[in-house]
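Peer 1: First the structure, which I've put down as structure tokens, then a few questions once you've had a look.
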Amino acid sequence: QVQLVESGGGLVQSGGSLRLSCAASGFTVSSYAMGWYRRAPGKQRELVASITSGGNTNYADSVKGRFTISRDNAKNTVYLQLNSLRPEDTAVYYCKADRVRAAPWLISDYWGQGTQVTVSP
């Protein structure tokens, strides 16, 4: 059974840091593209960062130089390090696994439940 469980969110002051974790089960994170998305109040969900199975990373312009996506294959976990946080980074952050083959007949995207990040001025 494929499952993604995020953790690490919280309340932090502007300029602070957090590290989000996305623990995966039911598949191997190193075999698939993984991404972190966020949804701010009143806004659409947007891609923040992604990492391919080959380890290539991509970032939204708004977080380049501040956020870092990484992967620990031994722990089957994907991380998002958030530095120099700003109030506009306040959102629910979601982990996504792309096109996971959960069964021979089933390929699907999977999402975690989300973790709240709140940045105070």
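The values are calculated or read from the model by the stated rules, or taken from the named source; none is laboratory data. These figures come from a predicted structure and were not determined experimentally. With ideal geometry, Cβ positions are generated from the backbone for all residues, glycine too; neighbour counts draw on all protein chains shown. Just the protein is used for accessible areas: all its heavy atoms, side chains included, with ligands, DNA and RNA removed. Shrake-Rupley method; radii C 1.70, N 1.55, O 1.52, S 1.80 Å.
Peer 1: State all residues of the stretch 105-121 that are β-branched (Val, Ile, Thr) and within 23 Å of GLN81 (Cα to Cα); if no residue qualifies, say none.
Peer 2: THR115, VAL117, THR118, VAL119
Peer 1: Next up: Between a first residue in the stretch 87-115 that is within 13 Å of TYR32 (Cβ to Cβ) and a second residue that is open to solvent by 70 Å² or more (accessible area, probe 1.4 Å) and aliphatic (A, V, I, L, M), which pairs have beta carbons less than 8 Å apart while being 6 or more apart in sequence or on different chains?
Peer 2: Pairs that qualify, where the first residue is within 13 Å of TYR32 (Cβ to Cβ) and the partner is open to solvent by 70 Å² or more (accessible area, probe 1.4 Å) and aliphatic (A, V, I, L, M), are ARG99/ILE107; VAL100/ILE107; ARG101/ILE107.
Peer 1: Could you pull out every one of the strands (runs of 3 or more DSSP E) wholly within the stretch 42-121 that has 3 or more residues that are open to solvent by less than 70 Å² (accessible area, probe 1.4 Å) and aromatic (Phe, Trp, Tyr)?
Peer 2: In the stretch 42-121, no matching strands (runs of 3 or more DSSP E) lie anywhere.
Peer 1: Within the stretch 13-34, restricting attention to residues that are in a strand (DSSP E or B) and open to solvent by less than 20 Å² (accessible area, probe 1.4 Å), which residue is nearest to ASN83 (Cα to Cα)?
Peer 2: LEU20
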